[in-house]
Amino acid sequence: MKQVSPMNNPIIINSIRFILLVLLQVLLLNHINLFGNLNPLLYILFIIWYPTDNNRILFIFLSFLIGLSIDSFTDSGGVHAAASVFLAYIRPYVLKLSFGSSIEKQSLKLGQTPYPQRFIYLLILILTHHLILFSLEIFSFAHILLLLQKTFYTSIFTFILCVLSISLFRRK
């Protein structure tokens with residue numbers, strides 16, 4: 001009988017990733033306030049990294065849980081949960097747009113994808129998440145400029161940290 005390493009079990013890997021990203025977000029990243037109110041939202045890496053060949057309903061539920069976890073620590077009224085669920089829902093379409101239709105039933109190794117496709121994938125997901133999040137947070141057309149500024153600058157900050165994280169944790 002073949003012995004399977006616990007670190008190769010996707011359930012354990014995703015559970016550890018979930019817990020570490022929530023803790024990193026609430027204990028460290030939420031306290032970084034660049035230019036007064038911009039902080040990176042690195043917890044969405046859980047949604048970005050989640051295996052593509054797993055149960056979609058479970059994925060949307062886990063995305064809701066990670067968003068709800070962030071909401072509970074930041075007292076933000078469910079905006080992170082809503083944005084995370086939306087992101088999980090549209091991710092298959094963004095995968096097809098970024099990597100082509102052949103990616104649908106394969107397991108995506110994001111660190112092994114070509115840079116232009118990876119950047120498009122990350123940018124679409126990050127910009128969409130942040131636009132939904134800040135739209136729900138601000139919830140006013142009178143502050144559309146603030147909404148666009150927060151979305152743009154926070155997305156840049158998050159994008160840079162996501163690219164660094166993906167490069168840092170890429171399997172050789």
Top-ranked residue in segment 130-164 [being of a type in the set (Ser, Thr, Tyr) and in a helix (DSSP H, G or I); ranked as surrounded by the fewest Cβ atoms within 10 Å (Cβ to Cβ)] = Tyr153
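Restricting to segment 148-159, what's the tally of residues that are within 9 Å of Pro40 (Cα to Cα) and hydrophobic (A, V, I, L, M, F, W, C)?
Quick first cut of segment 148-159, residues within 9 Å of Pro40 (Cα to Cα) only: 154-159.
Now narrow it down to the ones that are hydrophobic (A, V, I, L, M, F, W, C): 156-157, 159.
The total comes to 3.
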Residue that is closer than 22 Å to Asn39 by Cβ, in contact (Cβ under 8 Å) with a residue 40 or more places away in the chain and in contact with a helix residue (DSSP H, G or I) (Cβ under 9 Å, 6 or more places away or on another chain), where the choices are Phe73, Phe152, Phe64, Phe134 | Phe73
Among the residues of segment 141-149, is any in contact (Cβ under 8 Å) with a residue 12 or more places away in the chain and over 13 Å from the mean Cα position of the chain (by Cα)?
-> yes
What's the number of the condition Thr128 fails, among (1) within 29 Å of Phe35 (Cβ to Cβ); (2) of a type in the set (Ser, Thr, Tyr); (3) out of contact with any helix residue (DSSP H, G or I) (no Cβ under 7 Å at 6 or more places or on another chain)?
-> (3)
Is it fair to say Ile70 is under 13 Å from the mean Cα position of the chain (by Cα) and under 22 Å from Tyr93 (Cβ atoms)?
-> no
Looking for whichever is hydrophobic (A, V, I, L, M, F, W, C), assigned to a loop (DSSP other than H, G, I, E, B) and either closer than 19 Å to Ser165 by Cα or at pLDDT 90 or above (or both) here; the options are Leu108, Leu127. Which one fits?
-> Leu108
Confirm whether Ser84 is surrounded by fewer than 22 Cβ atoms within 10 Å (Cβ to Cβ), under 23 Å from Tyr153 (Cβ atoms) and of a type in the set (Ser, Thr, Tyr).
-> no
Tell me which of these Ser15 doesn't satisfy, since it passes every other one: (1) among the small types (Gly, Ala, Ser); (2) touching a helix residue (DSSP H, G or I) at 6+ places or on another chain (Cβ under 9 Å); (3) without any contact (Cβ under 8 Å) to a residue 60 or more places away in the chain.
-> (2)
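The values are calculated or read from the model by the stated rules, or taken from the named source; none is laboratory data. Predicted model, so just to flag it, every value in this text is computed and none were measured. Heads up, the Cβs are rebuilt from the backbone with ideal geometry, glycines too, and the neighbour counts pull from every protein chain shown.
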